[in-house]
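Below is one structure, written out as structure tokens, with a few remarks after it.
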Amino acid sequence: MKSFLSGQNLKGFAPRTLEEYKNPDNRKILEVSTRIEGEHYTEWTRLEEIMGFAEQMGYKQIGIAHCVGLNNEAKLLKDVPDKKFTVHTICCKFSGVNKKDLDLPQIMCDRYEAICNPIGQAMVLNDLKTDLNIIVGLCIGHDILFTKYSQAPVTTFIVKDRVTRHNTVATLYSSCYQKKLT
């Protein structure tokens, strides 16, 4: 497989990226993440990394934007940082806006279906002035909209994949999925 960038001179990006890393906000994120990588490489789980990152950044308010299908996981996750941080959770279906009001396709056309509201989730957490927002299983596209509208930095703890039980990398290692994808 040929990469789009293979053979191209990419050295011109160094001066541009160095300037961006001089921004104090970017610099702090880079320093903390590099420290965590160096001190805890292959020792900390993703959850430990998120909590350590939030603590070292001096964050106080954490937001969790989650899918209704992962309510239990969001509750379990909320209980972890709750001891050191103020944690706010917001479910994707909180608004009650009908899909029909936006002419969106429904899964079951004969009943009411609320939209997932990732923009609303971001707005609620923005109003609460969260320092870091964590995505727990938002659908593709919804995660993108949430990230776009979040004023706080966003990281993902769980990527939704109903088929692989949220183990997205399984598709890369499974011969069954490899055949299906190619």
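The values are calculated or read from the model by the stated rules, or taken from the named source; none is laboratory data. Just so it is clear, the structure is predicted and the values come from calculations on it, not from any experiment. Counting neighbours? That spans all protein chains shown, and the Cβs are built from the backbone with ideal geometry, glycine included.
Residue by residue, here is whether (1) surrounded by fewer than 17 Cβ atoms within 10 Å (Cβ to Cβ); (2) within 30 Å of ARG165 (Cα to Cα); (3) touching a residue at least 24 places away in the same chain (Cβ under 8 Å); (4) among the aromatic types (Phe, Trp, Tyr) holds:
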{"position": "LEU18", "(1), (2), (3), (4)": "yes, no, no, no"}
{"position": "ARG27", "(1), (2), (3), (4)": "yes, no, no, no"}
{"position": "LEU30", "(1), (2), (3), (4)": "yes, no, no, no"}
{"position": "ARG35", "(1), (2), (3), (4)": "yes, no, no, no"}
{"position": "ALA65", "(1), (2), (3), (4)": "no, yes, yes, no"}
{"position": "ASN72", "(1), (2), (3), (4)": "yes, yes, no, no"}
{"position": "LEU76", "(1), (2), (3), (4)": "yes, yes, no, no"}
{"position": "PHE85", "(1), (2), (3), (4)": "no, yes, yes, yes"}
{"position": "VAL97", "(1), (2), (3), (4)": "yes, yes, no, no"}
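Yes or no, residue by residue, for (1) touching a helix residue (DSSP H, G or I) at 6+ places or on another chain (Cβ under 7 Å); (2) at pLDDT below 95; (3) among the charged types (D, E, K, R):
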| site | (1), (2), (3) |
| --- | --- |
| SER33 | yes, no, no |
| MET51 | yes, no, no |
| GLN56 | yes, no, no |
| ASP101 | no, yes, yes |
| ASN126 | no, no, no |
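Among the residues of segment 141-182, what is the count of those that are among the acidic types (Asp, Glu) and either at pLDDT below 80 or surrounded by 16 or more Cβ atoms within 10 Å (Cβ to Cβ) (or both)?
Our first condition is that a residue be among the acidic types (Asp, Glu); within segment 141-182, this holds for 143, 161.
Filter once more, so that each one left must be either at pLDDT below 80 or surrounded by 16 or more Cβ atoms within 10 Å (Cβ to Cβ) (or both): 143.
Qualifying residue count, segment 141-182: 1.
Answer yes or no as to whether ALA170 is hydrophobic (A, V, I, L, M, F, W, C) and farther than 20 Å from ILE62 by Cβ.
Working: hydrophobic (A, V, I, L, M, F, W, C): yes; farther than 20 Å from ILE62 by Cβ: yes.
Yes: the conditions hold for ALA170.
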Return the total of residues in segment 144-177 being assigned to a helix (DSSP H, G or I) and either touching a Ser or Thr at 6+ places or on another chain (Cβ under 8 Å) or among the aliphatic types (A, V, I, L, M) (or both). 6
Please count how many residues of segment 102-140 are assigned to a helix (DSSP H, G or I), surrounded by fewer than 12 Cβ atoms within 10 Å (Cβ to Cβ) and among the hydrophobic types (A, V, I, L, M, F, W, C). 1
